[in-house]
Amino acid sequence: MSIRVLLHCCCGPCALYPLKALRERGHEISGFFYNPNIHPYQEYIKRRAAFMEMASREALPTVNQASEANLEYGLNVFMGSISGIGVGAYEPVSKERCRICYRIRLEKTAELCDELAYDAFSTSLLVSPYQDHEMIKDIGGEIAAGRGLKFLYEDFRPGYYQGRSMAREAGLYAQAYCGCVFSEWERYEAKKR
């Protein structure tokens, strides 16, 4: 059965495989770029441009085009949400920071899903082997239940490398870290070890 799905897109490259998979199931997909975690601003601009280029190439309708305000840089939203959780440490703090970040993005997606009368919402975060799928699934399900919506969970990880290859072939900018200043820091710390 075909349904209308609002796909939260963390970036253009990560959206390619979920978009392909969902379209193959006959679903009607619209994309939504909302990532107030991305730092620095120049990185945000690159990812936003790659998303818009991907959407244009793939004929993906976006809710961003309907509301340019959704493309605004929102780092203050992310930083305000994580203040006070002890951002200097690695593991359990990192998990809590990610939980907050997932929630911010999925809540906004659910809000638009409801407002624009989509049948379900999902996220391109589910293609990454570097994301916490159980956490995303739990948060998405909880938000959906609270709003009377459906969170469409699918493990898109088997298509991760196919999506990356598609992005390279299209010449899309692909980032080297999740997005926030802390994930960038952790990436460089890991290289030192």
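The values are calculated or read from the model by the stated rules, or taken from the named source; none is laboratory data. Just so you know, these numbers come straight off a predicted model, no measurement behind them. Methodologically, a virtual Cβ is constructed for each residue, glycine included, from the backbone with ideal geometry; neighbour enumeration extends over all protein chains shown.
Set side by side, the residues P36, P13, P18 differ, and just one is in a loop (DSSP other than H, G, I, E, B), in contact (Cβ under 8 Å) with a residue 12 or more places away in the chain and in contact with a helix residue (DSSP H, G or I) (Cβ under 8 Å, 6 or more places away or on another chain), which is P36. Based on this model, can you work out whether N70 counts as touching a Leu at 6+ places or on another chain (Cβ under 7 Å), assigned to a helix (DSSP H, G or I) and modelled with pLDDT under 90? Considered against the rule, which asks whether it is touching a Leu at 6+ places or on another chain (Cβ under 7 Å), assigned to a helix (DSSP H, G or I) and modelled with pLDDT under 90, N70 comes out as no. Applying the criterion of being farther than 23 Å from L152 by Cα and of a type in the set (D, E, K, R) to the residues of segment 22-56, the residue that is surrounded by the most Cβ atoms within 10 Å (Cβ to Cβ) is R47.
Of everything listed in (1) surrounded by fewer than 19 Cβ atoms within 10 Å (Cβ to Cβ); (2) modelled with pLDDT of 95 or more; (3) touching a Phe, Trp or Tyr at 6+ places or on another chain (Cβ under 8 Å); (4) not aromatic (F, W, Y), the single unmet condition for G163 is (1).
Residues to consider are L106, L125, L149; find the one that is crowded, with 17+ Cβ neighbours inside 10 Å, over 18 Å from the mean Cα position of the chain (by Cα) and modelled with pLDDT of 95 or more.
Values: L106 fails: over 18 Å from the mean Cα position of the chain (by Cα); L125 fails: over 18 Å from the mean Cα position of the chain (by Cα).
Within the list L106, L125, L149, the selection yields L149.
What about P61, is it over 18 Å from I38 (Cα atoms), surrounded by fewer than 19 Cβ atoms within 10 Å (Cβ to Cβ), at pLDDT 95 or above and not acidic (D, E)? Considered against the rule, which asks whether it is over 18 Å from I38 (Cα atoms), surrounded by fewer than 19 Cβ atoms within 10 Å (Cβ to Cβ), at pLDDT 95 or above and not acidic (D, E), P61 comes out as yes. Across segment 128-137, not a single residue is classified as free of Cβ contacts under 8 Å to residues at least 12 places away in the same chain and touching an Asp or Glu at 6+ places or on another chain (Cβ under 6 Å).
Taking segment 83-103 as the range and being modelled with pLDDT of 60 or more, surrounded by fewer than 14 Cβ atoms within 10 Å (Cβ to Cβ) and part of a loop (DSSP other than H, G, I, E, B) as the test, the residues that pass are S83, G84, G86.
Taken together, the criteria exclude C113 from residues that are assigned to a helix (DSSP H, G or I), in contact with a helix residue (DSSP H, G or I) (Cβ under 7 Å, 6 or more places away or on another chain) and closer than 17 Å to Y34 by Cα. Taking first residues from segment 48-69 that are small (G, A, S) and partners that are in a loop (DSSP other than H, G, I, E, B) and modelled with pLDDT of 90 or more, the Cβ contacts under 9 Å between residues at least 6 apart in sequence or on separate chains come to A49/Y173; A50/C11; A50/L172; A50/Y173; A50/A174; A55/P61; A66/L116.
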